[in-house]
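Participant: Starting off with a structure, shown below.
The values are calculated or read from the model by the stated rules, or taken from the named source; none is laboratory data. Since we're looking at a predicted model, the values are computed, not measured. Here the Cβ positions follow ideal geometry from the backbone for every residue, glycine too, while neighbour counts run over all protein chains shown. Remember, those area values only see protein heavy atoms, side chains included, never the ligands or the DNA or RNA. Shrake-Rupley method; radii C 1.70, N 1.55, O 1.52, S 1.80 Å.
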Amino acid sequence: MPAKSIMIQGTASDVGKSMICTALCRIFSDDGLKVVPFKSQNMALNSFVTEDGGEIGRAQGVQAEAARVVATTDMNPILLKPKQDMVSEVIVHGKHFLNMDAKSYRNQFVQQAMPIVEKSVRTLQNTYDVIVLEGAGSPAEINLKDRDIANMRMAHLADAAVVLVADIDRGGVFASIIGTLALLDDAERARVKGLIINKFRGMRELLDDGIEWVERETGIPVLGVVPYVDVNIEAEDSLALSALRFKKPKPGEFSVDVAMIRLPRISNFTDIDPFFDEPEVGVRLIGNVAELGTPDLLILPGTKSTMDDLAWLKAQGFAQAISNLRARGTKIIGICGGFQMLGEVLLDPDAVEGNGDSAQGLGLLPMETVFVGDKKTVQMSGTRGNDTLTGYEIHLGRTQILRDEVSPFLQLVDGRVDGAVSADEQVIGTYFHGLFHNRNFTRQLVNSIRISKGLATLPTDVKSDAERREDAYNMLASHVRANLNMEKIYEMLKIEVHG
């Protein structure tokens, strides 16, 4: 029997669709069902690398883990990664397909994508009990609906019961629900079987009159009001990055000051997430030199366009500022594109990154990067001293060390070496995404900074990242289950759950 399907759509972007899907994946798994996440087309700055080296949206990787299944590219067959203004990299079944502007994608590729997407849906339907589909943005974008393959077209394809999520935290929740439903056609509206009011803060009783009205007006039940919760689960898009600004510390508030430059084309910014969990560590996102100050640790993150963001760094005055920080003793770590920028020269002979120009790097590590069209996407692990670290690579460049004044950062299990470390260990460059999610490494790094400042070290018995993620999935599932009518959801899906 084909899998039952539930689809979580939203009245807008960032209403909490991904979190609700993640919670449902864990709830269904806890209830003994074989469940799988699915998103036909995802636009995301942060991605996840599958075991076989495919690149999918980070949300689907997270949801697969919550569902206790191995992530595959069938869970997100098409991934769009913004590269330049109005241009995205199109990734099909985990591999680079082409770079395309928005108009060409919409007019030329969308119809071509449907057989790809349908094949993935059928594969999942024949393998699992339940598919949790995630929509994108809103299903009611009337200027885009004829080419929208991420919302109602997927609901029809998978014969999914649609649950519409609205964010009350941004205001206008009832108007957003009514407006969305009004812009759906009759067949689309008939698929909407339930409503969720998400990110609620305040007294639940004050919503009762509004809920009764919207149920009476639409004939669709409100399945739950989910209170706002701050759960430690990785995000995938720039809206979540913007929210991190609210965690910006005040000067001198924390013992250790960590700063990350907010590059215009930043990607995989979840690399920095573990520092938010470190005691007495403040994390700042820096958009201009005036904000930089003198951090203890400066992170140059990944980017979808190293050459463009390197040019931006120089134009903003960051190149000299970073050199000054190096002289003053700030530890500097570059990851992926940030690693490439730390070198002496970057070459783009095949115009992979742009128009084929070369550029001088920041000159903090003796290395040269050549951009090639063969994108490397792979899970990886390696050793540094007695520590084994796990992470993943996603990059186009190939980097060569020019002089032996630096040492490799990691010895990889496949025999390669990764990255470079200056002789004084003050500058580190690596292709290793997920580095700081190795919590023992991060605690040791923080402690080394604390020692240099004459501070007592923190305990080294830290909970692993895998344990933290499990705690987060369980907490989120418990929170959502307590505030959703799961009995009604199972009734919608025609699934009987015992026990």
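Participant: So how tilted is helix 17-30 from the main axis of the chain? Cα-based, degrees 0 to 90, rounded to 10.
Facilitator: Result, in degrees: 70.
Participant: Let me ask something else. For Rg/Rh (Cα atoms, Kirkwood Rh), which listed value, (i) 1.02; (ii) 1.13; (iii) 0.98, comes from the coordinates shown?
Facilitator: The listed entry that was calculated here is (iii).
Participant: Could you run the Karplus curve 6.51 cos²θ - 1.76 cosθ + 1.60 with θ = phi - 60° over region 404-414 and give me ³J(HN,Hα) per residue in whole Hz, x for Gly and Pro?
Facilitator: Each residue of region 404-414 in turn: 8, 7, 10, 10, x, 7, 9, 9, 7, 5, 8 Hz.
Participant: Excluding same-chain residues fewer than 8 positions from LYS314, which lysines have a Cα within less than 28 Å of its Cα?
Facilitator: The qualifying lysines are LYS81, LYS83, LYS247, LYS248, LYS250, LYS304, LYS331, LYS375, LYS376.
Participant: To continue, here is another question. If I model a spin label as a point 7 Å beyond the Cα along the Cα-Cβ vector, how far apart are those points for GLU51 and ASP186 in nm?
Facilitator: Distance between the two pseudo-spin positions: 4.8 nm.
Participant: How much of the accessible area of the chain, in percent, comes from carbon and sulfur atoms when a 1.4 Å probe is used?
Facilitator: Result for the chain: 49 percent of the exposed heavy-atom area is carbon or sulfur.
Participant: On a straight-distance basis, which aspartates and glutamates could pair with LYS103 in a cross-link, Cα separation under 20 angstrom, same-chain partners fewer than 8 positions away excluded?
Facilitator: Excluding near neighbours in sequence, the set is ASP85, GLU89, GLU141, ASP146, ASP148.
Participant: While we're on this one: For region 115-174, report the accessible area per residue in Å² (1.4 Å probe, heavy atoms, rounded to an integer). Before the final figure, lay out the partial values.
Facilitator: Working: 2260 Å² over 60 residues.
Here the per-residue accessible area is 38 Å².
Participant: In addition: Quick one: work out the % antiparallel among DSSP beta bridges in the chain, nearest 5.
Facilitator: 50
Participant: So, for region 394-499, what is the accessible surface per residue at a probe of 1.4 Å, expressed in square angstrom?
Facilitator: Values: 5440 Å² over 106 residues.
That works out to 51 Å² for each residue.
Participant: Once the Cα atoms of helix 110-125 and of the chain are each reduced to a long axis, what angle between those two axes, in degrees from 0 to 90 to the nearest 10, is obtained?
Facilitator: Result, in degrees: 80.
Participant: Could I ask something else about it? What is the helix-to-structure angle for 173-182, meaning the angle in degrees between its Cα long axis and the longest Cα principal axis of the chain, kept from 0 to 90 and rounded to the nearest 10?
Facilitator: It works out to around 70 degrees.
Participant: Express the accessible area of region 345-389 per residue in Å², computed with a 1.4 Å probe while the remaining protein chains stay in the model.
Facilitator: 46
Participant: Here's something else I'd like to know. Does region 431-484 come out rounded, prolate or oblate, given a ≥ b ≥ c as the square roots of the eigenvalues of its C-alpha gyration tensor, rounded meaning a/c under 1.5 and, failing that, prolate meaning a/b above b/c?
Facilitator: Since a/c reaches 1.5 and a/b is larger than b/c, the shape of region 431-484 is classed as prolate.
Participant: Another question, if that's okay. Among all the lysines, which ones have a C-alpha under 28 Å from LYS193's C-alpha, if same-chain residues fewer than 8 places away are not counted?
Facilitator: LYS4, LYS17, LYS34, LYS39, LYS119, LYS145, LYS488, LYS494
Participant: A further question follows. Take peptides 462-469, 158-165 and line them up by average Cβ neighbours within 10 Å, highest first, as a rough protection proxy.
Facilitator: Those peptides, ordered most packed to least, come out 158-165, 462-469.
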